[in-house]
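Input: a single structure, listed below in structure tokens.
Every number here is computed from the coordinates shown, using simple stated rules; none is lab data. Bear in mind the structure is a predicted one, so any value in this text is a computation, not a measurement. No Cβ is skipped: glycine too gets one built from the backbone with ideal geometry, and neighbour counts run over all protein chains shown.
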Amino acid sequence: VTLPNLSSLKWKTADSLPEITSQYSDESWTVANRTITVNPLGVEVTANLSASLYGYHTGNVLWRGHFNASGSETGITLDVWGGLAFGYSIWLDSDFLGSWEGDAFHSTFEGTFDFPRVLVAGSSHAITVLQDYMGLEENWASAGEQFKTPRGIVNFEFLGTNTTEVSVWKVTENLGGKGVCFPK
């Protein structure tokens with residue numbers, strides 16, 4: 001068997017995450033603006049960013065938070081819940097900030113991610129989080145509440161300021177959410 005010279009070949013690529021480009025519009029995404037939710041587990045949240053509240057229950061979930069910078073932001077802390085062995089990655093606009101690769105022992109992870117540059121006061125930005133959603137918990141005992149554990153961004157906080165607020169969070173998953181579109 002002779003392998004071809006891979007560096008001399010013409011390669012084709014496809015952007016698998018156009019959602020992080022400045023040209024991408026999330027206009028058709030679901031606005032994540034629920035203010036009330038029943039939370040039997042008593043989990044304190046800063047936003048109702050549980051994917052199931054918006055009809056998304058499996059696979060990869062994309063979250064986008066739009067905000068105007070104060071100029072003091074230095075990073076962000078996210079507490080994301082996704083189920084055992086889940087992971088997530090985060091971008092500021094198109095700048096990759098980092099990931100939680102996941103492991104077999106943690107179903108939640110709070111990570112702190114530094115911004116790569118100083119944000120100009122008044123400038124618009126988007127935080128994009130790609131979350132691997134590992135499904136809901138199983139109840140091994142009857143009448144348990146474990147299956148109601150949220151999946152999504154449970155808490156977030158900008159570093160360097162306590163005045164910056166996300167103006168709108170949006171969420172999407174597979175095309176059509178619960179009404180998955182299958183070809184005929």
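Roughly how many debye, to the nearest 20, is the charge dipole of the chain about its Cα centre, given +1 on each Lys and Arg Cβ, -1 on each Asp and Glu Cβ, and no other charges?
The dipole magnitude comes to about 660 debye.
Would you work out which of 133, 62, 147 lies farthest towards the positive end of the dipole of the stretch 56-176? Charges go on Cβ: Lys and Arg +1, Asp and Glu -1.
Positive-end residue among those listed: 62.
With a cut-off of 8 Å between alpha carbons and a minimum separation of six or more residues, what is the relative contact order of the chain in percent?
34
Just subtract the alpha-carbon distance of residue 117 and residue 6 from 0.36 nm times their residue separation and send over the number in nm, one decimal.
36.3 nm
Using per-residue counts of other Cβ atoms within 10 Å, averaged over each peptide, order 11-21, 117-127, 149-159, 85-95 from highest down.
Going by the mean number of other Cβ atoms within 10 Å, highest first, we get 149-159, 85-95, 117-127, 11-21.
As an exercise, find the ratio Rg/Rh for the stretch 79-184 from alpha-carbon atoms, using the Kirkwood inverse-distance average for Rh.
Reported Rg/Rh, Kirkwood definition of Rh: 1.03.
Over every pair of different alpha-carbon atoms in the chain, take the mean of 1/r and invert it; report that Kirkwood radius in Å.
Final number for the Kirkwood radius of the chain is 18.0 Å.
Measuring from label point to label point, each 7 Å out along Cα→Cβ, what is the residue 106 to residue 145 span in nm?
Each label point is offset 7 Å from its Cα along the Cβ direction, giving 2.5 nm.
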